[in-house]
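The block underneath contains the structure these notes are about, expressed in structure tokens.
The values are calculated or read from the model by the stated rules, or taken from the named source; none is laboratory data. Quantities reported herein were computed from a predicted structural model and do not represent experimental measurements. Note: ideal-geometry Cβ built from the backbone for every residue, glycine included; neighbour counts use all protein chains shown. Only protein heavy atoms, including side chains, enter the accessible area calculation; ligands, DNA and RNA are left aside. Shrake-Rupley method; radii C 1.70, N 1.55, O 1.52, S 1.80 Å.
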Amino acid sequence: MKKLTNEELERIQGLVTSFNKLKISLGDTVIQQNKLMSEIDEMKIEYAKEEEKLVKKYGEDAVINIQTGEINKENG
């Protein structure tokens, strides 16, 4: 029966180990991405609620400068 040399075996085992670590890291990245996407969805909902409050208070034609808080009416 033929057998790999110790060097060949160690090299291939090292590559398999590295490959498996990378797959695990990729899986962790996907999990983190999904978590962030969920947080973004929640933030969009929260933003829409705040936007709705402002529309009710200042009108649909209000244009708010996000840096200064100034409110202008849309020309149209």
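Of note:
- Whole-percent carbon and sulfur share, accessible surface of the chain, 1.4 Å: 57
- The computed Cα extents along the principal axes in Å for the structure shown corresponds, within [x] 32, 22, 20; [y] 38, 28, 20; [z] 85, 21, 19, to [z].
- Helix-only arithmetic for the chain: the sum of -39500 (n - 2.57) across DSSP H runs with n ≥ 4, divided by the residue total, places the mean residue ellipticity at 222 nm at -26000 deg cm²/dmol.
- Net +/- balance of residues flanking E52 in space, Cβ distance below 14 Å, scoring K and R +1, D and E -1: +1
- By the rule of a C-alpha distance below 29 Å, with chain neighbours fewer than 8 residues away ignored, the lysines paired with K73 are K44, K49, K53, K56, K57.
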